[in-house]
Number of protein chains: 2
Amino acid sequence: MDVPALLLAAGGHQLEAAETLVQAGRFVVILFAARALAELMVRLRLPAILGELVAGVLVGVSGLHLILAPELASELNAFAQGTIAALAHVGPDQVQEIYDHSFSNLQAVGKIGLFSLLFLTGLESELDELMAVGVQAITVALTGVVLPFALGTFGLHALFSVPLLPAIFAGAAMTATSIGITASVLGELKFLRTRDGQTVIGAAVLDDILGIVILAVVVALAGGEGFAIAPILKLIAAAGVFVIVALFLSRTAAPGFDWLLDRLQAPGEVVVAAFLVLSLACFAAQAFGLEAALGAFAGGLILSSSRHRHAIEEAVKPLVALFATVFFVLIGSGLDLAVLNPFDAANHEGLVMAGFLLVAAVISKVAAGWSYLSQEPTNRLAVGLGMLPRGEVGLIFLGLGTQSGVLGPSLEAAILLMVMGTTFLAPVLLRLVLADPGAAAEFAPEAPAP
Amino acid sequence: MDVPALLLAAGGHQLEAAETLVQAGRFVVILFAARALAELMVRLRLPAILGELVAGVLVGVSGLHLILAPELASELNAFAQGTIAALAHVGPDQVQEIYDHSFSNLQAVGKIGLFSLLFLTGLESELDELMAVGVQAITVALTGVVLPFALGTFGLHALFSVPLLPAIFAGAAMTATSIGITASVLGELKFLRTRDGQTVIGAAVLDDILGIVILAVVVALAGGEGFAIAPILKLIAAAGVFVIVALFLSRTAAPGFDWLLDRLQAPGEVVVAAFLVLSLACFAAQAFGLEAALGAFAGGLILSSSRHRHAIEEAVKPLVALFATVFFVLIGSGLDLAVLNPFDAANHEGLVMAGFLLVAAVISKVAAGWSYLSQEPTNRLAVGLGMLPRGEVGLIFLGLGTQSGVLGPSLEAAILLMVMGTTFLAPVLLRLVLADPGAAAEFAPEAPAP
């Protein structure tokens, strides 16, 4: 019985009340849990995003059963169900029905958060700084993408007999470095403004671009026609052209955007204009056969040289704070801890796989530090560790992989653990290596402070 | 055939691509049309919200058929449908299916915009200024609520044989004054800081509170058990208690909120904390048997004396600019101009009804100017005209009334025309009456500038 029929059957008002209670209640649960855990993580000097993921686990299918995608076919928390049923004067079955039916709205809101986050990441890309650190960053970024991708994909395929497509997905999820986490930890340790620090950031930006291009190709493959070489080359070419056009537009289109923005007079002009560019770029990427996520990033990149960049950032940040949180909590909520229970022999392979992914993710990025072409004394270990946290972009891979249905539950859990593990280890290890903030500067005393 | 089944039938990737194209495309259409028309209105010195409504009409069921609620059972724009079908390699029928299925996501986003707007309205309420203009504002507000409500309800019921419940709904939609439109026009005419101007704003704030209480009662009635007196009294009592508790909390809870906010360290703390209060207040109102809209307003009222009020406003405004626009465009998109075609005899009663509502809406608010208890020279006409624009709150009534299904299409169109008419007339007439900005001040030369 679908919801419109139910509405007729039971008198619309009670069901509408139940739906409003469900939606408001879900926001309260998500924002409260995410905020509480994020505050805890910040006090432990760990990235806030870890808290949002843990919060998702706590309220999701492995925890309180408050945030529960209908695909999981699991029973809603009985207390919450009963409370809403009593408040809205409907039956508990109807609450479950409404919950499942309206869940896609929550996912849509999370997706707005995801695209806003990617847009913001593109917007904050310092293309000029990237040019300044130039060749060094490129070698670090390329090694830092190729090594984890190869190690992850072929390791999973050869050692664990994972089919090629999910193995490629997992390998791709290991490529991108989280700029936000890296920058905040390096900043705290006074390493950000050194030449090495700038190289890490430059490489992380390149990683993002390469990672999202890989994503576009992989997702298209996941839905497509298998492993014919021609469509893969076509997609890679399309993604390359798309990024080049975006980079070109970021050098040329911003003045036109600014000209237009200066002429808008109705209120809310900054956020509306930015969101129009974002929506158009998502539409264009998808129309091009690529992933909308690439479009969102490209949209930000295009506006990164706008005079109004700061105002756009300020306007987009509240959207990210609210709705990207929804996205991360949703990801955590789907993690089934049962597949990680070490006392169940059936899980052993999955656990070993998770361990392998984590180790491969650490080793391959640290190794990238040694690909750094520098004539000067260089803290290669710190550069490698700076590339470690996968954070939000890895999660985006995970979310899209789950959605397209190519990943099984144990591979999903392994990827999530890899992302959480690297995000946890990066600040801890960097603090050890850079224990004395003064020591870092010695490696590059002539570092410019851009 | 529902969408999950379709997904299996056609290979998920194409359908996902089609859904992304549909969603991104709808955002582009809504934001572009709303912005273009809002800019036009601002240049005609008319409120931007008028542009958003007209934009909705242009892209909706009476126009391009690009934004189209599935309830209208109308065919999507053939060109758009064909373009998306071609880009995503799916059939046009599947595009229509996906469009209808994902429309509730757009409505959910619009609802977030609506609640954010009400929250912002509550947040910007100047309770202290309201206290200062005190008794005068109360008489103006009460007359300005009771007169239009009575005139609208009984006029429709007696003259047009509209059943009591929809008549009450229409009457309720005539009560609230749009603070935003009134304040911006009065400000432009240098009338805002006069004593008369402050009285208008004070009365508009009270109007909002009274209007939203009436809304809570009326919507509950619309879903409920008809016209027994006991539940009505119970609801009015509940709404009264709710507002009193909110006013009490606005005087007492803000320091606690500020204390907590000062201790949050993870980024995005302002908007997350504000949205948590908003979600909790919506949940509480609905749990209390009232309307979530009242909760959203009350949530803003509670935080209106926060030290962080300005930061909260700045964080919530982008949400309003994006998503309340979606809400207004959706309202305009549902207006069926066919029911207003004067050459169709079947429409004559509806047209006369629309004319009646507009005239009643103007006369009853202008009359409120003469209820102003002032010993001093007073521009009663300007005070009455200042109360004229119904704007967003009237539209919220309309949206909820449409949703609960008590309004027929001609009454819906009549209410929308009444809202658009008053919002259009207020600035035009006020500029005529206050043609010489200096003249206004003469009525209250001793006016304090708060």
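List the pairs whose first member sits in segment A:89-106 and is within 11 Å of chain B (Cβ to nearest Cβ) and in contact (Cβ under 8 Å) with a residue 60 or more places away in the chain, whose second member is open to solvent by less than 70 Å² (accessible area, probe 1.4 Å) and of a type in the set (Asp, Glu), and whose Cβ atoms are under 7 Å apart, counting only residues at least 6 apart or on separate chains?
From residues that are within 11 Å of chain B (Cβ to nearest Cβ) and in contact (Cβ under 8 Å) with a residue 60 or more places away in the chain, the pairs are A:Ser102/A:Glu19.
Are any residues in segment A:330-346 under 26 Å from A:Asn77 (Cα atoms) and in a helix (DSSP H, G or I), and if so, which ones?
Those that are under 26 Å from A:Asn77 (Cα atoms) and in a helix (DSSP H, G or I): A:Leu330, A:Ile331, A:Gly332, A:Ser333, A:Leu337, A:Ala338, A:Val339, A:Leu340.
Would a scan of segment B:146-158 turn up a residue that is within 19 Å of B:Glu412 (Cα to Cα), in contact with a His (Cβ under 9 Å, 6 or more places away or on another chain) and surrounded by fewer than 24 Cβ atoms within 10 Å (Cβ to Cβ)? First the steps, then the outcome.
First, the residues of segment B:146-158 that are within 19 Å of B:Glu412 (Cα to Cα): B:148-158.
Adding the requirement that they be in contact with a His (Cβ under 9 Å, 6 or more places away or on another chain) leaves none.
Within segment B:146-158 (the criterion being within 19 Å of B:Glu412 (Cα to Cα), in contact with a His (Cβ under 9 Å, 6 or more places away or on another chain) and surrounded by fewer than 24 Cβ atoms within 10 Å (Cβ to Cβ)), the answer is no, since none of the residues qualifies.
Is it the case that segment A:114-126 has a residue that's in contact (Cβ under 8 Å) with a residue 12 or more places away in the chain, more than 20 Å from the chain's Cα centre (by Cα) and farther than 24 Å from B:Gln107 by Cβ?
Looking through segment A:114-126, none of the residues is in contact (Cβ under 8 Å) with a residue 12 or more places away in the chain, more than 20 Å from the chain's Cα centre (by Cα) and farther than 24 Å from B:Gln107 by Cβ.
Residues that are open to solvent by 10 Å² or more (accessible area, probe 1.4 Å), away from chain B (no Cβ under 12 Å) and more than 23 Å from B:Ile98 (Cβ to Cβ): does segment A:9-29 have at least one?
Checked against the condition, which is being open to solvent by 10 Å² or more (accessible area, probe 1.4 Å), away from chain B (no Cβ under 12 Å) and more than 23 Å from B:Ile98 (Cβ to Cβ), segment A:9-29 yields at least one hit.
On the basis of being within 14 Å of another protein chain (Cβ to nearest Cβ), among the hydrophobic types (A, V, I, L, M, F, W, C), open to solvent by 50 Å² or more (accessible area, probe 1.4 Å) and over 26 Å from the mean Cα position of the chain (by Cα), does A:Ala86 make the cut?
For A:Ala86, the condition - within 14 Å of another protein chain (Cβ to nearest Cβ), among the hydrophobic types (A, V, I, L, M, F, W, C), open to solvent by 50 Å² or more (accessible area, probe 1.4 Å) and over 26 Å from the mean Cα position of the chain (by Cα) - is met.
With respect to A:Leu416, is the statement that it is under 27 Å from A:Ala216 (Cβ atoms), in the same structural domain as A:Val200 (by TED's automatic domain parsing) and either of a type in the set (A, V, I, L, M) or part of a helix (DSSP H, G or I) (or both) true?
Here the answer is yes, as A:Leu416 does meet what is asked.
Give the residue that is farthest from B:Gly399 (Cα to Cα), with candidates limited to residues of segment B:314-365 that are open to solvent by 50 Å² or more (accessible area, probe 1.4 Å) and within 14 Å of chain A (Cβ to nearest Cβ).
Applying the filter and picking the extreme gives B:Glu314.
Consider A:Ala80 against the criteria (1) open to solvent by less than 10 Å² (accessible area, probe 1.4 Å); (2) free of Cβ contacts under 8 Å to residues at least 60 places away in the same chain: it satisfies all of them except one. Which criterion is unmet?
Going through (1) open to solvent by less than 10 Å² (accessible area, probe 1.4 Å); (2) free of Cβ contacts under 8 Å to residues at least 60 places away in the same chain one by one, A:Ala80 breaks only (1).
Name the residues in segment A:164-185 that are modelled with pLDDT of 80 or more and more than 19 Å from A:Ile236 (Cα to Cα), would you? Walk me through how you get there before you give the answer.
The initial filter retains those residues of segment A:164-185 that are modelled with pLDDT of 80 or more, namely A:164-177.
A:Thr177 - this is the single residue of segment A:164-185 that is modelled with pLDDT of 80 or more and more than 19 Å from A:Ile236 (Cα to Cα).
Identify, from the list A:Asp207, A:Asp196, the residue that is over 22 Å from the mean Cα position of the chain (by Cα), open to solvent by less than 10 Å² (accessible area, probe 1.4 Å) and in the same structural domain as A:Glu349 (by TED's automatic domain parsing).
Result: A:Asp196 is the single residue among A:Asp207, A:Asp196 that is over 22 Å from the mean Cα position of the chain (by Cα), open to solvent by less than 10 Å² (accessible area, probe 1.4 Å) and in the same structural domain as A:Glu349 (by TED's automatic domain parsing).
Output the number of the condition that A:Gly63 fails; it satisfies all remaining conditions of (1) part of a helix (DSSP H, G or I); (2) not assigned by TED's automatic domain parsing to the domain that holds A:Ala324.
So A:Gly63 meets the others, but not (1).
In segment B:46-68, is there at least one residue being open to solvent by less than 40 Å² (accessible area, probe 1.4 Å), within 13 Å of chain A (Cβ to nearest Cβ) and within 22 Å of B:Val95 (Cα to Cα)?
Checked against the condition, which is being open to solvent by less than 40 Å² (accessible area, probe 1.4 Å), within 13 Å of chain A (Cβ to nearest Cβ) and within 22 Å of B:Val95 (Cα to Cα), segment B:46-68 yields no hits at all.
Any chance you could count how many residues in segment B:294-312 are more than 11 Å from chain A (Cβ to nearest Cβ), part of a helix (DSSP H, G or I) and not basic (Lys, Arg)?
If we filter segment B:294-312 for residues that are more than 11 Å from chain A (Cβ to nearest Cβ), which is where we start, we get B:294, B:297-298, B:300-310.
Pick out the ones that are also part of a helix (DSSP H, G or I) and you get B:294, B:297-298, B:300-303, B:309-310.
After this cut, where a residue has to be not basic (Lys, Arg) as well, the list is B:294, B:297-298, B:300-303, B:310.
Total satisfying the criteria: 8.
Among what's in segment A:244-289 and is touching a helix residue (DSSP H, G or I) at 6+ places or on another chain (Cβ under 6 Å) and more than 13 Å from every other protein chain (Cβ to nearest Cβ), pick the residue that is most open to solvent (accessible area, probe 1.4 Å).
Of everything passing the filter in segment A:244-289, A:Leu249 is most open to solvent (accessible area, probe 1.4 Å).
Does at least one position in segment A:371-378 carry a residue that is in contact with a Gly (Cβ under 9 Å, 6 or more places away or on another chain), assigned to a helix (DSSP H, G or I), within 24 Å of A:Ile212 (Cβ to Cβ) and touching a residue at least 24 places away in the same chain (Cβ under 8 Å)?
Scanning segment A:371-378, I find no residue that is in contact with a Gly (Cβ under 9 Å, 6 or more places away or on another chain), assigned to a helix (DSSP H, G or I), within 24 Å of A:Ile212 (Cβ to Cβ) and touching a residue at least 24 places away in the same chain (Cβ under 8 Å), so the answer is no.
Filtering segment A:140-169 down to residues that are hydroxyl-bearing (Ser, Thr, Tyr) and assigned to a helix (DSSP H, G or I), which residue is nearest to A:Leu416 (Cα to Cα)? I'd like the intermediate steps shown before the answer.
Of the residues in segment A:140-169, the ones hydroxyl-bearing (Ser, Thr, Tyr) are A:143, A:153, A:161.
After this cut, where a residue has to be assigned to a helix (DSSP H, G or I) as well, the list is A:143, A:153.
Values: A:Thr143: 23, A:Thr153: 16 Å.
Looking at the filtered set, the residue picked out is A:Thr153.
The values are calculated or read from the model by the stated rules, or taken from the named source; none is laboratory data. Source: prediction; values computed, not measured. Reconstructed Cβ throughout: ideal geometry from the backbone, glycine too, with neighbour counts over all protein chains shown. All accessible areas refer to the heavy atoms of the entire protein, side chains included, with ligands and DNA or RNA removed. Shrake-Rupley method; radii C 1.70, N 1.55, O 1.52, S 1.80 Å.
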